Amino acid sequence: MALPKLAVYKFASCDGCQLSILDVEDLLLDIASVVHIANFPEASREVIEGPYDLTLVEGSITTPHDAERIHEVRRQSKFLVTIGACATAGGIQALKNWKDTDLFTSTVYAHPEYLDTLETSTPVKNHVEVNFELRGCPVDKMALVEVVAAFVQGRRPNIPEYSVCVECKRQGTPCVMVSHGTPCLGPVTQAGCGALCPSYNRGCYGCFGPMESPNTEMLAAAWQRLGVSHRGLVDAFRGFNAYAEPFRITSDHHEALAVAKGE
Amino acid sequence: MSEMFVSGQSGIGRLIQALAERGHRVIGPIVRNEALVYDEIGGVEDLPRGWTDLQEPGRYRLEQRGDEKLFGYVVGPHSWKQYLNPPETVLWSGTISPEGFMTDPMPEPPKYAFFGVRPCELAAMQVLDTVYGSDNGTPAMAGRSAQREQTFIVAVNCVEPGGNCFCVSMDTGPTANSGYDISITEIVHHGNMRYLIESGTDAGAEVLAELAPLENASDDEVQTRDGLLAEAAASMGKTLDTEDLADLLKGNALNPRWESIADRCLACANCTLVCPTCFCNTVDDNLSLDGTHATRTRKWDSCFTLGFSYMHGRPMRESVGARYRQWITHKLATWIDQFGEMGCVGCGRCITWCPVGIDITAEAEAIRRGDLRDTQVRIGGFA
C-alpha cells in the first residue's frame, strides 16, 4: 500500500517551524517510514507532484501572490495543518497591521514600486479552510510528531488547549506572578511549550497564543497591579500572536487607554 | 497520649538520618524559585531555616525571619499529592511484535518518608484515602493505597498560621490528631529552639526509640507548646462559616454571582492544581509513529479546562461561571454527598496561588450574604 503523501509549504515566516521537523533527528526516519515526504523543499530538492494527503503550512499571508498560492495549496491537500504562530495568527509580522505599509516600503526600499505587498499579515485560516492548527513560536517538535502520528493512525492529536499554568503546576514550578510578582502571560496562553520561561523564573511571552477561554482583561488588571503601564500591556500582547483576536482586542483597548492617559 | 520527648535541632537531623537509613526517600520543604516546595532532603541543613512565607490572596513572598526556626512558615504551592498521585503517571505501556503483545515492566514505586506534613495536609491525605478507597474510587488509582501504607509521615504542628489559613473552620488543625507516625511542635523555650516530639504509631515509636537518648519534655515545655497551639487556633488568617453551607451552595445554582466571579476568574486551573484534595485527572493514550508501542498516561487535569467536561461534541461547562460553580459546589457541598465530608481542608492554597486572588472563603460568604455583585470582595486589591 502506498504511504500517505506529505507536503510542507512555506509562506511569510522565518522557517523555524520547518526546521523543527528536521530537528526531530532520529524520529525523522520513523516519519519517513509512515508517510512519503513528497514535497519539502527545505529538506530535499526532489518534489513529487500533488495531491497530498497531509500538508503542513508554515507562514502567514502577506502578498497578493501568496493570497492566490494558498488556494492552490488547499486544492492540492486533503488534510491541511497550519504550523506556528505565523500560519495560525499572522506572526510577529502582523505588527504591520497597525502601521502604514507604504511608510515601511518607502523607508526601507529604494524602489518600493517593485514591491507587491498586502496591507496586512493574516493567518491561513482567514483565506482557506484549515483542518488543524498547531500553535507555537516555534512549534514543539514532539507535537509535530504527534500530529503526524495522529493523522496516520486516524485519531485526534493529543494537543492541549488549556493554559500554560497547567504545565507549570504539573512540573512543580511555583507561579512567578504569585511568588515574585513577575508579569506572566501564562494564564491566558495555550500550553504546549512545557512552560519553558516560568521554569527559568521568567514570565510567559505568549508564544503559543490564546488558550481556550482567555480572560485577557482580568490578567491585564493583574499586571497593572504589578506596576505595568497600559503601554507595557500593549507591548506584551503584541508579540508573536499579536493578531490573534483575544490578544488584539486587549492590546487595542490598552492602546486607547495609553493614548488617553498620555503614556 | 504517647510520651512527649524533646530535642534541639540536632535531634531533627538525627530523625531525618534515621528515616533515610530505614530505606525511605525523605521528602520535605526546601526553598526553590522563591517558594517553599517539597523535594528530597538529605539532612536538617536542607530545611528552610529562618524563612517564613507571607501569604495574601494572589500573593506569596518568602522572607527571612531573623531567627533559627526550621518550620516558621506554612504550606507552599506543592502538596503531597505530588508524590501519592503524581502529575503524570504511566499506567502501562506495551509493545506489539510478531511474538505477540508484551507490557513493559513498571518501575517499583519509591518508599517515601514525608517530613514536615502540616495538619491540614494530613487531613487532605485522609480525604483522598476516602475518595480512592471507597466504592466511588477510580480503579486507575489502585496502587496508591499500597504506596500510602509504606509512607512514613512526620507531621509538624502549626504554631504560626498563614494569612490564608482557615483549618480551624474546617476542623483540620492547627494540631495534628491522627494520621502521623511522628509529630513535632517547634517552640522557643527560654531563648532556645526546642522540638517536642511524640509518636502516633508503633512505627513512629520504634524510630524514636532508635534516636535515644531523647529527653522527656518538661511540664513547662508542654505548657508552652499547648499555649502556642491554642493561640494559633485563635489567629487564623481566614474563616469559612460552614453552617448550612452545602444547602446554601446547592440552592444558589442560578445566582448571578457566578457570572461576576467569571469576570475575574482566569480559568487557568491554578486553584485546582495546588489544592491537596483536587483529584481530577485525564488519561492520554499515545501510540508510536510505527504503531508498535503504546503508552497510557494519567495526568492531572482540572474542572476549569474545557476539555475536562467535553463530551458528545461539546463541553458541558462552557462558561467560566459554570466551571467555578462546579468547583466550589463540589468542594464544599456535593463532596459530602459523595464521600461524607467536605473536600476542603482550609490550607488556603487556592487563595494564595490564584494569580488574581479569588478567595473561596469570600465567595462562599458572598453567596451567604446574597451579594450579587462585587463590593469589597473585589479581591486582592483589584478595586
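Checked against (1) modelled with pLDDT under 90; (2) assigned to a loop (DSSP other than H, G, I, E, B), B:VAL131 passes all but a single condition, namely (2). In the condition set (1) within 22 Å of the chain's Cα centre (by Cα); (2) farther than 25 Å from A:PHE151 by Cα, B:ALA262 is compliant with all but (1).
The set of residues in segment B:266-321 that are surrounded by fewer than 18 Cβ atoms within 10 Å (Cβ to Cβ), outside any strand (DSSP E or B) and within 11 Å of chain A (Cβ to nearest Cβ) comprises B:SER288, B:ASP290, B:GLY291, B:THR292, B:GLY307, B:GLU318, B:SER319. When you look at B:TYR60, is it touching a Gly at 6+ places or on another chain (Cβ under 9 Å) and over 21 Å from B:ASP181 (Cα atoms), yes or no? Here the answer is yes, as B:TYR60 does meet what is asked.
Here's the yes/no breakdown for (1) closer than 21 Å to A:GLU133 by Cβ; (2) of a type in the set (Lys, Arg):
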residue	(1), (2)
A:PRO187	yes, no
A:GLN190	yes, no
A:SER213	yes, no
A:ARG225	no, yes
A:ARG238	yes, yes
A:THR250	yes, no
A:GLU263	no, no
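It is to be established whether one or more residues within segment B:58-67 are over 25 Å from the mean Cα position of the chain (by Cα), more than 14 Å from every other protein chain (Cβ to nearest Cβ) and under 22 Å from B:GLY163 (Cα atoms). For segment B:58-67, residues over 25 Å from the mean Cα position of the chain (by Cα), more than 14 Å from every other protein chain (Cβ to nearest Cβ) and under 22 Å from B:GLY163 (Cα atoms): present. Which residue, of B:ILE351, B:ILE367, is more than 10 Å from chain A (Cβ to nearest Cβ), in contact (Cβ under 8 Å) with a residue 12 or more places away in the chain, out of contact with any Asp or Glu (no Cβ under 8 Å at 6 or more places or on another chain) and under 30 Å from B:GLU243 (Cβ atoms)? Criteria check complete, one pass: B:ILE367.
Considering segment A:153-171, the residues that are assigned to a helix (DSSP H, G or I) and touching a strand residue (DSSP E or B) at 6+ places or on another chain (Cβ under 8 Å) include one that is farthest from the other protein chains (Cβ to nearest Cβ), namely A:VAL164. One residue is enough: does segment A:195-215 have a residue meeting the conditions outside any loop (DSSP other than H, G, I, E, B) and within 10 Å of chain B (Cβ to nearest Cβ)? So far as segment A:195-215 goes, yes, one or more of its residues are outside any loop (DSSP other than H, G, I, E, B) and within 10 Å of chain B (Cβ to nearest Cβ).
Every listed requirement among (1) in contact (Cβ under 8 Å) with a residue 24 or more places away in the chain; (2) within 14 Å of another protein chain (Cβ to nearest Cβ); (3) in contact with a strand residue (DSSP E or B) (Cβ under 7 Å, 6 or more places away or on another chain) is met by B:GLU40 save one, (1).
Close contacts from segment A:136-157, counting a first residue that is within 20 Å of A:GLN190 (Cα to Cα) and a second that is of a type in the set (Asp, Glu), with Cβ to Cβ under 7 Å and a gap of 6+ residues or different chains, come to A:LYS141/A:ASP23; A:PRO157/A:GLU146.
Within segment A:172-194, restricting attention to residues that are more than 21 Å from the chain's Cα centre (by Cα) and of a type in the set (S, T, N, Q), which residue is farthest from the other protein chains (Cβ to nearest Cβ)? Can you show your working first?
Our first condition is that a residue be more than 21 Å from the chain's Cα centre (by Cα); within segment A:172-194, this holds for A:172-183.
Add one more test, that the residue is of a type in the set (S, T, N, Q), and what stays is A:173, A:179, A:182.
On the way: A:THR173: 7, A:SER179: 4, A:THR182: 9 Å.
Applying the filter and picking the extreme gives A:THR182.
State yes or no: is B:TRP327 under 23 Å from B:GLY237 (Cα atoms) and of a type in the set (Phe, Trp, Tyr)? Here the answer is yes, as B:TRP327 does meet what is asked. Every condition in (1) in a loop (DSSP other than H, G, I, E, B); (2) modelled with pLDDT of 95 or more is met by A:SER44 except one, and the failing one is (2). Pairs are defined by a Cβ separation below 6 Å, a sequence spacing of at least 6 or placement on different chains, a first member in segment B:19-36 that is under 14 Å from B:GLN150 (Cβ atoms) and within 12 Å of chain A (Cβ to nearest Cβ), and a second member that is part of a helix (DSSP H, G or I) and at pLDDT below 95; no pair meets this definition.
Here A:GLU167 clears all of (1) touching a Phe, Trp or Tyr at 6+ places or on another chain (Cβ under 8 Å); (2) without any contact (Cβ under 8 Å) to a residue 40 or more places away in the chain; (3) among the charged types (D, E, K, R) except the condition numbered (1). Is there a residue in segment A:76-93 that is part of a helix (DSSP H, G or I), more than 23 Å from A:GLY192 (Cα to Cα) and either acidic (Asp, Glu) or at pLDDT 95 or above (or both)? No, there is no match, as no residue in segment A:76-93 is part of a helix (DSSP H, G or I), more than 23 Å from A:GLY192 (Cα to Cα) and either acidic (Asp, Glu) or at pLDDT 95 or above (or both).
All conditions in (1) buried (at least 19 other Cβ atoms within 10 Å of the Cβ); (2) more than 8 Å from chain A (Cβ to nearest Cβ) hold for B:PRO256, with the sole exception of (1).
Just one of (1) closer than 15 Å to A:THR82 by Cα; (2) surrounded by fewer than 15 Cβ atoms within 10 Å (Cβ to Cβ); (3) not basic (Lys, Arg) fails for A:HIS111. It is (1). Within segment B:27-41, the presence of at least one residue that is at positive phi and either in a helix (DSSP H, G or I) or surrounded by 15 or more Cβ atoms within 10 Å (Cβ to Cβ) (or both) is confirmed.
Counting only residues that are aromatic (Phe, Trp, Tyr) and assigned to a loop (DSSP other than H, G, I, E, B), how many does segment A:94-133 have?
Narrowing segment A:94-133 to residues aromatic (Phe, Trp, Tyr): A:98, A:104, A:109, A:114, A:132.
Among the residues that remain, those that are also assigned to a loop (DSSP other than H, G, I, E, B) are: A:109.
Here the count works out to 1.
Condition check ((1) surrounded by 15 or more Cβ atoms within 10 Å (Cβ to Cβ); (2) without any contact (Cβ under 8 Å) to a residue 12 or more places away in the chain) across all residues:
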{"position": "A:LEU22", "(1), (2)": "no, no"}
{"position": "A:LEU27", "(1), (2)": "yes, no"}
{"position": "A:VAL34", "(1), (2)": "yes, no"}
{"position": "A:PHE40", "(1), (2)": "yes, no"}
{"position": "A:ARG45", "(1), (2)": "no, yes"}
{"position": "A:GLY50", "(1), (2)": "yes, no"}
{"position": "A:HIS65", "(1), (2)": "no, no"}
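Criterion first (crowded, with 21+ Cβ neighbours inside 10 Å, under 22 Å from B:GLN55 (Cα atoms) and under 20 Å from the mean Cα position of the chain (by Cα)) does B:GLY163 satisfy it? Quick ask: steps written out before the conclusion?
Working: crowded, with 21+ Cβ neighbours inside 10 Å: no; under 22 Å from B:GLN55 (Cα atoms): yes; under 20 Å from the mean Cα position of the chain (by Cα): yes.
No.
B:ARG325 meets the stated requirement of being over 30 Å from A:LEU3 (Cβ atoms), more than 10 Å from chain A (Cβ to nearest Cβ) and buried (at least 20 other Cβ atoms within 10 Å of the Cβ).
The values are calculated or read from the model by the stated rules, or taken from the named source; none is laboratory data. Please read all numbers here as calculations on a predicted model, not as lab measurements. Cβ sites come from the backbone with ideal geometry, for glycine too, and all protein chains shown count toward neighbours.
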